[in-house]
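Enquirer: Have a look at the structure that comes next, please.
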Amino acid sequence: MSAQWFYMKPRWFRTAKTVGPISESDLLHRIDAGKILPSTMLRSCKTREKWVPMSSIKPALIRWRKHHPDASLN
């Protein structure tokens, strides 16, 4: 069983929009494409339904570093 993920997409005037649910494979594709950064807030049953930065989810951060080796963690 795969988890359904939500993430916060930044918008104008410092507001954010919740996007989801998306599948884990879609989440990984968005990480690979650079649409989800280490500072992006994520939520799923795997995070106990709490918003956490992507950088605190080790498999996601490893995936991001693999596809963006020259980028900083900002």
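Enquirer: Just one of the numbered conditions (1) open to solvent by 70 Å² or more (accessible area, probe 1.4 Å); (2) modelled with pLDDT under 95; (3) assigned to a loop (DSSP other than H, G, I, E, B) is not true of LYS50; which one?
Expert: The number of the failed condition is (2).
Enquirer: Can you name every residue in the range 26-47 that is of a type in the set (Ser, Thr, Tyr), closer than 14 Å to TRP64 by Cα and surrounded by 13 or more Cβ atoms within 10 Å (Cβ to Cβ)? Break it down stepwise before answering.
Expert: The initial filter retains those residues of the range 26-47 that are of a type in the set (Ser, Thr, Tyr), namely 39-40, 44, 47.
From what is left, the residues that are closer than 14 Å to TRP64 by Cα are 39-40.
Once the filter is applied, which keeps residues that are of a type in the set (Ser, Thr, Tyr), closer than 14 Å to TRP64 by Cα and surrounded by 13 or more Cβ atoms within 10 Å (Cβ to Cβ), the range 26-47 yields only THR40.
Enquirer: Given the structure, is PRO59 open to solvent by 60 Å² or more (accessible area, probe 1.4 Å), of a type outside the set (S, T, N, Q), out of contact with any helix residue (DSSP H, G or I) (no Cβ under 8 Å at 6 or more places or on another chain) and more than 15 Å from GLN4 (Cβ to Cβ)? Even if it seems obvious, please write down each step before you answer.
Expert: Numbers: open to solvent by 60 Å² or more (accessible area, probe 1.4 Å): yes; of a type outside the set (S, T, N, Q): yes; out of contact with any helix residue (DSSP H, G or I) (no Cβ under 8 Å at 6 or more places or on another chain): yes; more than 15 Å from GLN4 (Cβ to Cβ): yes.
In short, yes.
Enquirer: For the range 7-25, name all the residues that are exposed (fewer than 13 other Cβ atoms within 10 Å of the Cβ), out of contact with any strand residue (DSSP E or B) (no Cβ under 7 Å at 6 or more places or on another chain) and modelled with pLDDT of 90 or more.
Expert: Once the filter is applied, which keeps residues that are exposed (fewer than 13 other Cβ atoms within 10 Å of the Cβ), out of contact with any strand residue (DSSP E or B) (no Cβ under 7 Å at 6 or more places or on another chain) and modelled with pLDDT of 90 or more, the range 7-25 yields only SER25.
Enquirer: A follow-up question, please. List pairs: first in the range 13-25 and on the phi > 0 side of the Ramachandran plot, second open to solvent by 60 Å² or more (accessible area, probe 1.4 Å), Cβ under 7 Å, 6+ apart or cross-chain?
Expert: GLY20/GLN4
Enquirer: Can you tell me how many residues in the range 63-72 are open to solvent by 100 Å² or more (accessible area, probe 1.4 Å) and not in a loop (DSSP other than H, G, I, E, B)?
Expert: 2
The values are calculated or read from the model by the stated rules, or taken from the named source; none is laboratory data. As the structure is a computational prediction, the values presented were derived from the model and not from experiment. So basically every Cβ, Gly included, is an ideal-geometry build from the backbone, and we count neighbours across all protein chains shown. For the accessible areas, the whole protein counts, side chains as well, though only heavy atoms, and no ligand, DNA or RNA atoms are used. Shrake-Rupley method; radii C 1.70, N 1.55, O 1.52, S 1.80 Å.
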